[in-house]
1. State which residue is modelled with the lowest pLDDT when the search covers only segment 1-47 and only residues that are part of a loop (DSSP other than H, G, I, E, B) and farther than 19 Å from P58 by Cα.
2. Filter segment 4-34 for residues that are closer than 16 Å to Y77 by Cα and among the basic types (K, R) and give the result.
3. Before we move on, is R64 at pLDDT below 90 and either part of a helix (DSSP H, G or I) or out of contact with any strand residue (DSSP E or B) (no Cβ under 6 Å at 6 or more places or on another chain) (or both)?
4. Within the bounds of segment 69-92, is there any residue that is basic (K, R) and over 17 Å from K8 (Cβ atoms)?
5. Do you know which of the residues in segment 48-61 that are touching a helix residue (DSSP H, G or I) at 6+ places or on another chain (Cβ under 6 Å) and outside any loop (DSSP other than H, G, I, E, B) is nearest to E82 (Cα to Cα)?
6. Quick check on my filter: what residues within segment 34-66 are touching a residue at least 40 places away in the same chain (Cβ under 8 Å) and either farther than 14 Å from F23 by Cα or crowded, with 19+ Cβ neighbours inside 10 Å (or both)?
7. Any residue that is closer than 20 Å to K6 by Cβ and either surrounded by fewer than 14 Cβ atoms within 10 Å (Cβ to Cβ) or modelled with pLDDT under 95 (or both) - is there at least one of those in segment 67-77?
Amino acid sequence: MTPEAKVKARVKKVLDKHGVYYFLPATGGYGRAGVPDIICCFDGLFVGLEIKSGNNKPTALQEREMQRICEAGGNAYLINEEEVDKLDEWITLCRRNKENTHRVIKNLNKLRKKMEVFRAETDNDGRC
């Protein structure tokens, strides 16, 4: 197994652990050159992961594709051996923030309902 394949295997374990939808696009001849090695989607986030080993850098074409993903509102990251644990932490934080966001929205909806009751008991402009 190549060093890059080892990193890919570790990344896939992290993605599987979190139940992230992902696929590895086939680019040979028929696909689009420069597309990140792994394309993911979770909780409404689009993520492209370019996998490298050691200090290897993405090609200019790979960098351009990652930039295009970011310009389109997605996320694109270069992942090597040292970044796999950070990817795990990032997904955990994204999920935690999503839960917090849902909790805030739920509380705002409760407050909105209370305000509707309050308005119904007043003369509709907040005065008793």
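1. G29
2. K8, R10, K12
3. Answer is no for this residue.
4. Scanning segment 69-92, I find no residue that is basic (K, R) and over 17 Å from K8 (Cβ atoms), so the answer is no.
5. Of segment 48-61, the ones touching a helix residue (DSSP H, G or I) at 6+ places or on another chain (Cβ under 6 Å) are 48, 50-51, 53.
Filter again for outside any loop (DSSP other than H, G, I, E, B), leaving 48, 50-51.
On the way: G48: 17, E50: 14, I51: 11 Å.
Restricting to residues being touching a helix residue (DSSP H, G or I) at 6+ places or on another chain (Cβ under 6 Å) and outside any loop (DSSP other than H, G, I, E, B), the top hit is I51.
6. P36, D43, L45, I51, K52, S53, G54, N56
7. There is at least one residue in segment 67-77 that is closer than 20 Å to K6 by Cβ and either surrounded by fewer than 14 Cβ atoms within 10 Å (Cβ to Cβ) or modelled with pLDDT under 95 (or both).
The values are calculated or read from the model by the stated rules, or taken from the named source; none is laboratory data. Predicted model, so just to flag it, every value in this text is computed and none were measured. Glycine also receives a Cβ, built like all others from the backbone with ideal geometry; neighbour counts cover every protein chain displayed.
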